[in-house]
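Only one structure is covered here, and it is reproduced in the block below.
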Amino acid sequence: MSIKSIGVLTSGGDSQGMNAAVRSVVRSGLFHGLKVFGVQRGYYGLIHDDIREMDLRSVGDIIQRGGTILQTARCLEFKTEEGQKLAADNLRKHGIDGLVVIGGDGSYQGANKLSKLGIKTMGLPGTIDNDIPYTDFTIGFDTAVSIVVDAINKLRDTMSSHERSSVVEVMGRHCGDIALYAGLASGAEAIMVPEVPFSIDEIAARMKANFDAGKRHSIIVVAEGVGKGEDIAKQIHERNGMEPRVTVLGHIQRGGTPTHNDRILASSLGDFAVRRLIAGESGKACGKLNGELVTTDIDTVVNTKKPFNTELYELALRLSQ
Ligand SMILES: Nc1ncnc2c1ncn2[C@@H]1O[C@H](COP(=O)(O)OP(=O)(O)OP(=O)(O)O)[C@@H](O)[C@H]1O
Ligand SMILES: O=P(O)(O)OC[C@H]1O[C@](O)(CO)[C@@H](O)[C@@H]1O
Ligand SMILES: [Mg+2]
């Protein structure tokens, strides 16, 4: 039976481009003659029935805005079977046949559970972390990396003037992609990520040797998953006597206007998710893989770890002398 009505929600940490994705799902759904419902605050709104019908104007003037007009939540209640059942019942009550979940790996776990309860779900990768497999990039990652690169450019100015080193802590609890891409793009001297073992002894010795050879600044990028920037700076100081300044970029990385890459990715994926639902697919995650829009079983996606790009990591190491 073809679907007549869809819902859309954003879940987990917000990411730049979520609004562009919501806009795309809503307008594509309306274009194809569907009723479209927006769910407020992710899975929390599903459980508590905070669901409203959307029209063309509900998503006007948002393509350029960070955050998410649907708001988002980390909802513990939804991790229980009872919460998931309540959510599914509310969707059925509104006659919603298909649900687009925009979020990260945790939100995908939730979408998978709903799918197993008979709800037709489609996942869209909305997270700055870039930790979702079967898509080259997630919505928000490009903007987050640009923010980090911009911050490091500024740090470099003052580090060079004072002949100092700098430790920059970026987001990424289990995935070092923000650190990797921003580190490579900004010429960091070392990049510490959860995926690759590292030696502080080696890093401290390299920093000192480079400084002695005439290098006048150094940037060390640390993904939060490997430890606190403050601790790393302390350990470097204990080994080589340098006094790295520490910058924790924090939630700045999740805000601001999305880059054109994130807007385009979000717009393409939102429309694609709606078209795949109409075509009868469900229990899938949408991604752009090697330039192609693809769907993959969400069960496979949540049970696969995104491969780390060792080639880029080694390139960054080779160039950071
Ligand atoms: N195993 C699970 N079963 C059911 N629901 C889950 C599960 N894991 C996470 N969720 C739901 O998804 C929500 C978002 O997950 P999480 O906080 O991990 O963020 P995310 O989607 O990974 O985004 P990000 O990592 O970018 O912040 C959780 O608050 C919870 O409601
Ligand atoms: O402060 P919050 O919202 O719990 O989120 C922090 C976490 O969310 C993420 O930014 C992803 O959205 C992680 O990289 C980070 O560890
Ligand atoms: Mg996550």
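The values are calculated or read from the model by the stated rules, or taken from the named source; none is laboratory data. Since the model is a prediction, treat every value here as computed from it, not as a measurement. Cβ coordinates were reconstructed from backbone atoms using ideal geometry, including for glycine residues, and neighbour counts include every protein chain displayed. The protein model used for the area step is the full one, side chains on, heavy atoms only, and it has no ligands, DNA or RNA in it. Shrake-Rupley method; radii C 1.70, N 1.55, O 1.52, S 1.80 Å.
Of the peptides 78-86, 127-135, the order by per-residue mean of other Cβ atoms within 10 Å, starting with the highest, comes out as 127-135, 78-86. The dipole here belongs to segment 170-321: it is taken about the Cα centre, uses +1 on the Cβ of Lys and Arg and -1 on the Cβ of Asp and Glu, and is about 300 debye.
Considering segment 75-150 at the alpha-carbon level, its Rg and Dmax are found to be 14.7, 47 Å. Is there a quick way to get the dipole size of the chain? I mean about its Cα centre, with the Cβ of Lys and Arg at +1 and of Asp and Glu at -1; what is the value in debye to the nearest 20? Roughly 700 debye for the chain. Computed over protein heavy atoms with a 1.4 Å probe, the accessible surface of segment 141-255 works out to 44 Å² per residue.
The GNM of the chain, with springs linking C-alpha atoms under 10 angstrom apart, assigns the highest mean-square fluctuation among Gly118, Gly12, Gly140 to Gly118. Among the protein heavy atoms, those of Leu34 account for about 20 Å² of accessible surface (1.4 Å probe, every chain in place). Annotation: amide H-H contacts under 5 Å for Val170 (H modelled 1.01 Å from N, sequence separation of 5 or more, or interchain): Val222, Ala223, Glu224.
Viscosity 0.692 mPa s, temperature 37 °C: give me the Stokes-Einstein translational D for the chain in µm²/s, with Rh taken as the Kirkwood radius over C-alpha pairs.
For the chosen part, D equals 161 µm²/s.
When a 1.4 Å probe is rolled over the protein heavy atoms, the share of accessible surface on segment 221-321 that falls to carbon and sulfur comes to 49 percent. Charging the Cβ of each Asp and Glu at -1 and of each Lys and Arg at +1, and nothing else, the dipole of segment 141-255 about its Cα centre rounds to 220 debye. As a fraction of the 1.4 Å probe accessible area of segment 91-192, surface on carbon and sulfur atoms comes out at 49 percent. Taking θ as phi - 60° and the Karplus parameters 6.51, -1.76 and 1.60, the scalar couplings of segment 71-84 work out to 6, 9, 7, 9, 10, 5, 3, 6, 6, 8, 4, 4, x, 5 Hz in sequence order, x denoting glycine and proline.
Projecting the Cα atoms of Thr127, Ala21, Thr304 onto the charge dipole of the chain, computed from C-beta unit charges around the Cα centre, puts Ala21 farthest toward the positive end. Both the radius of gyration and Dmax for segment 141-255 are 12.9, 39 Å, in that order, over alpha-carbon atoms.
Stretched out straight at 0.36 nm per residue, the stretch from Ala279 to Ala205 would grow longer than its current Cα-Cα span by 20.8 nm. Segment 79-124 and segment 291-321 have Cα centres separated by 27 Å.
Build a GNM of the chain with springs between Cα atoms under 10 Å apart, and of Gly67, Gly106, Gly38 the one that fluctuates most is Gly106.
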